[in-house]
Amino acid sequence: MNALLPVRPEPPVEPPLALLAELTHRCPLQCPYCANPLELERAAAELDTATWLRVLNEAAALGVLQVHFSGGEPTARKDLLELVRHAASCGLYSNLITSGVMLDAASLAALAEAGLDHVQLSFQDADAAQADRIGGYRNGHARKLVVARQIREAGLPLTANFVVHRQNLDRLPEMLALGQELGASRIEVAHVQYYGWGLVNRAALMPSRAQLERANAAVAQARADLRGRITIDYVVPDYYAARPKACMGGWARRIINITPAGLALPCHAAETLRGFQWPSVRTVPLGAVWRDDPGFARFRGTAWMPEPCRSCDQREVDWGGCRCQAFALTGDAAATDPACALSPSHFMMADAVAAAEAEAAAAEAPELVYRRIRTAALVK
Ligand code: SF4
Ligand code: FES
């Protein structure tokens, strides 16, 4: 921290780099750490094709460079091919974030022909039985192995995404080996984020410190072995970090998120914050949302920050961390992210880690609460 840092005027609002298009919350899998909200949208509430096409036009006009088609499972949308084709015609780089289980060689060839640029395929584990248990989908892992090869045969670059937690982290070396075997150009090792479904299941999923240290060593080794061939993205989980991550690259700085029903958000979890009325792309053009919406402006830049962030030399590095995590843990979205060791609420992270250590030592893990529309009603 440096108390002498001058307070600089906020720079003009730059366009977002990426649009995260959450096409649907429908998904055949039921991962207990899903990034979707507890309150899942039903198919009837989803934006129609014409609105998505208009949103893609508006995104390109706003200066967006990339569109990430996500969900739920985006391949559950019958118009995915049309949306990909339109994104390409607008000059947008397109990435499909998928579980893969609904894809096959023909649909992948069609997506490649339509102009899809990249596929990010998620895995629940390297062990088939464990992966199917966590995903709540029988034979899903075997299906993903086939689809990974079909992605490469369609000429599409592949990122293999592994979501890690206490119940699979000891198999990280096998996951890194699997990513190589599948011909991934990038491997993403993503620790569960503990809000939404992840927070509901935190006691069952939080890794122990010893596990984390072994995982860090496995990643360091793989990075050394694969240097120049495969990029490995890896972020230490917030609960064990001394400083928070720059969530979304900073609030309303890099990414605009559209929910299946058309709400525009600065991050995928912003609906969990109390006191915000998020605009709908059904009625408000994307450019107006980005530039003028008060919710987007609320935590943009540094002027909103309380101490210790306000005078901290990291304030334009991590942008104060994650607003949704601050709200989920402290009830105040403007609080310093408790992941930061300088936060007065940092003890909450230490308490959760201590509880995780105790749970890890216990004979049986708490039962998982799977992501289902029915269970969402139960955990509210
Ligand atoms: Fe500094 Fe705030 Fe980031 Fe902590 S969260 S490192 S206090 S800017
Ligand atoms: Fe909303 Fe981090 S998930 S700001």
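Of all residues in the range 181-189, none are of a type in the set (A, V, I, L, M, F, W, C), crowded, with 20+ Cβ neighbours inside 10 Å, in contact with a Lys or Arg (Cβ under 7 Å, 6 or more places away or on another chain) and not in a helix (DSSP H, G or I). The combined condition, being closer than 30 Å to residue 352 by Cα and modelled with pLDDT of 95 or more, is fulfilled by residue 250. Pairs, please: C-beta under 6 Å, at least 6 apart or cross-chain, first residue more than 22 Å from residue 332 (Cα to Cα) and in the range 257-280, second of a type in the set (Lys, Arg)? Once the first residue is more than 22 Å from residue 332 (Cα to Cα) and sits in the range 257-280, its partners that are of a type in the set (Lys, Arg) give 262/282.
Within the range 202-212, if we keep just the residues that are assigned to a loop (DSSP other than H, G, I, E, B) and out of contact with any Leu (no Cβ under 6 Å at 6 or more places or on another chain), the residue that is farthest from ligand 1 (Cβ to nearest atom) turns out to be 208.
Does residue 155 satisfy being exposed (fewer than 15 other Cβ atoms within 10 Å of the Cβ), of a type outside the set (Val, Ile, Thr) and on the phi > 0 side of the Ramachandran plot? So residue 155 fits the description; yes.
Among the residues of the range 299-313, the ones that are under 18 Å from residue 345 (Cα atoms) and not in a helix (DSSP H, G or I) come to 5 in all.
Scanning the range 213-266 for residues that are more than 16 Å from ligand 1 (Cβ to nearest atom), in a helix (DSSP H, G or I) and either hydroxyl-bearing (Ser, Thr, Tyr) or farther than 30 Å from residue 344 by Cα (or both) returns 217, 218, 219, 220, 221, 222, 223, 224, 225, 226. Among the residues making up the range 220-276, those that are buried (at least 19 other Cβ atoms within 10 Å of the Cβ) and among the small types (Gly, Ala, Ser) are 222, 250, 252, 262, 264, 269, 270. For the range 269-288, the candidate set comprises residues that are among the aliphatic types (A, V, I, L, M) and within 16 Å of ligand 2 (Cβ to nearest atom); within that set, the residue that is farthest from residue 41 (Cα to Cα) is 273. Number of residues in the range 329-360 that are free of Cβ contacts under 8 Å to residues at least 24 places away in the same chain and either of a type outside the set (D, E, K, R) or within 18 Å of residue 266 (Cβ to Cβ) (or both): the value is 13.
Can we say residue 307 is away from ligand 2 (no atom under 11 Å from the Cβ), surrounded by fewer than 22 Cβ atoms within 10 Å (Cβ to Cβ) and closer than 15 Å to residue 245 by Cα? Considered against the rule, which asks whether it is away from ligand 2 (no atom under 11 Å from the Cβ), surrounded by fewer than 22 Cβ atoms within 10 Å (Cβ to Cβ) and closer than 15 Å to residue 245 by Cα, residue 307 comes out as no. The set of residues in the range 299-328 that are touching a residue at least 24 places away in the same chain (Cβ under 8 Å), more than 6 Å from ligand 1 (Cβ to nearest atom) and within 18 Å of residue 268 (Cα to Cα) comprises 299, 300, 319, 322, 323, 324, 325, 327, 328.
Only residues that are more than 26 Å from residue 147 (Cβ to Cβ) and hydrophobic (A, V, I, L, M, F, W, C) were counted in the range 172-214, giving 7.
Of all the numbered requirements in (1) in a loop (DSSP other than H, G, I, E, B); (2) surrounded by 15 or more Cβ atoms within 10 Å (Cβ to Cβ); (3) within 15 Å of ligand 1 (Cβ to nearest atom), residue 370 misses one, and that requirement is (3).
When each of 51, 75 is tested for being polar (S, T, N, Q) and out of contact with any helix residue (DSSP H, G or I) (no Cβ under 8 Å at 6 or more places or on another chain), the lone residue that passes is 51.
Scanning the range 310-337 for residues that are surrounded by fewer than 17 Cβ atoms within 10 Å (Cβ to Cβ) and closer than 18 Å to residue 274 by Cα returns 331, 332, 334. Note on the range 329-342: among residues that are of a type outside the set (A, V, I, L, M, F, W, C) and within 9 Å of ligand 1 (Cβ to nearest atom), the one that is farthest from the chain's Cα centre (by Cα) is 336.
Among the residues making up the range 203-219, a single one is closer than 16 Å to residue 31 by Cβ and surrounded by fewer than 21 Cβ atoms within 10 Å (Cβ to Cβ): 204. Each residue in the range 331-367 was checked for being away from ligand 2 (no atom under 16 Å from the Cβ) and either of a type in the set (Gly, Ala, Ser) or part of a loop (DSSP other than H, G, I, E, B) (or both), and 18 pass. Counting only helices (runs of 4 or more DSSP H) that fall entirely inside the range 47-158 and contain at least 2 residues that are under 27 Å from residue 215 (Cβ atoms), the qualifying elements are 128-135, 140-153.
The values are calculated or read from the model by the stated rules, or taken from the named source; none is laboratory data. As the structure is a prediction and not an experimental result, all values here were calculated from the model. With ideal geometry, Cβ positions are generated from the backbone for all residues, glycine too; neighbour counts draw on all protein chains shown.
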